[in-house]
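Can you read through this structure? Questions will come right after.
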């Protein structure tokens, strides 16, 4: 009997060990269009997005795909900020810092690095595998969830 060697079998779950340094994944979103906002491509196979909760004080890397419908939940980091629900002023809070190759653990591809600045804290997020995105791309694809009013 052999045990596969990977980071989980060798080190355990690192997201628990380094909880304060990494971003939470608020969960995979599966289900129908009413509950998940999932998309159905031409092939008929549903594509479910990931929703990432952005918290202040983090510097994180997450797999991110506009085609899959991934979203960044800004409700906590922008809580108390005068962010418009229609995201017309989101540029005051979210900046694209640059683009570059994915981090090695995410494979080949391009990442976009963004900075989110809230009233009391900020976060840096590396959107691994996203390609070269700008703020307009994120808004156009409903990838940013503002705090509720």
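The values are calculated or read from the model by the stated rules, or taken from the named source; none is laboratory data. All figures in this text were calculated on a predicted structure; none of them were measured in a lab. Glycine also receives a Cβ, built like all others from the backbone with ideal geometry; neighbour counts cover every protein chain displayed.
Output the number of residues of region 82-119 satisfying the condition of being buried (at least 18 other Cβ atoms within 10 Å of the Cβ) and in a loop (DSSP other than H, G, I, E, B).
Within region 82-119, residues that are buried (at least 18 other Cβ atoms within 10 Å of the Cβ) and in a loop (DSSP other than H, G, I, E, B) number 5.
Which residues, taken from region 67-81, are farther than 16 Å from residue 142 by Cβ, surrounded by fewer than 22 Cβ atoms within 10 Å (Cβ to Cβ) and out of contact with any helix residue (DSSP H, G or I) (no Cβ under 9 Å at 6 or more places or on another chain)?
76, 79, 80
Mind checking whether some residue in region 120-129 is farther than 17 Å from residue 61 by Cβ and loosely packed, with under 15 Cβ neighbours inside 10 Å? Break it down into steps so the answer makes sense when it comes.
Narrowing region 120-129 to residues farther than 17 Å from residue 61 by Cβ: 120-121.
Remaining after also requiring loosely packed, with under 15 Cβ neighbours inside 10 Å: 120-121.
Looking through region 120-129, at least one residue is farther than 17 Å from residue 61 by Cβ and loosely packed, with under 15 Cβ neighbours inside 10 Å.
Is at least one residue of region 67-85 at positive phi, at pLDDT below 95 and in contact with a strand residue (DSSP E or B) (Cβ under 9 Å, 6 or more places away or on another chain)?
No, because not a single residue in region 67-85 is at positive phi, at pLDDT below 95 and in contact with a strand residue (DSSP E or B) (Cβ under 9 Å, 6 or more places away or on another chain).
Now, a different point. Among the residues of region 63-77, are any within 21 Å of residue 148 (Cα to Cα) and part of a helix (DSSP H, G or I)?
From region 63-77, those within 21 Å of residue 148 (Cα to Cα) are 69-77; that's our starting set.
Those still in the list that are part of a helix (DSSP H, G or I) too: none.
Checked region 63-77: no residue is within 21 Å of residue 148 (Cα to Cα) and part of a helix (DSSP H, G or I).
Scan region 132-142 residue by residue and report those that are in contact with a helix residue (DSSP H, G or I) (Cβ under 8 Å, 6 or more places away or on another chain) and assigned to a loop (DSSP other than H, G, I, E, B).
Passing the criteria: none in range.
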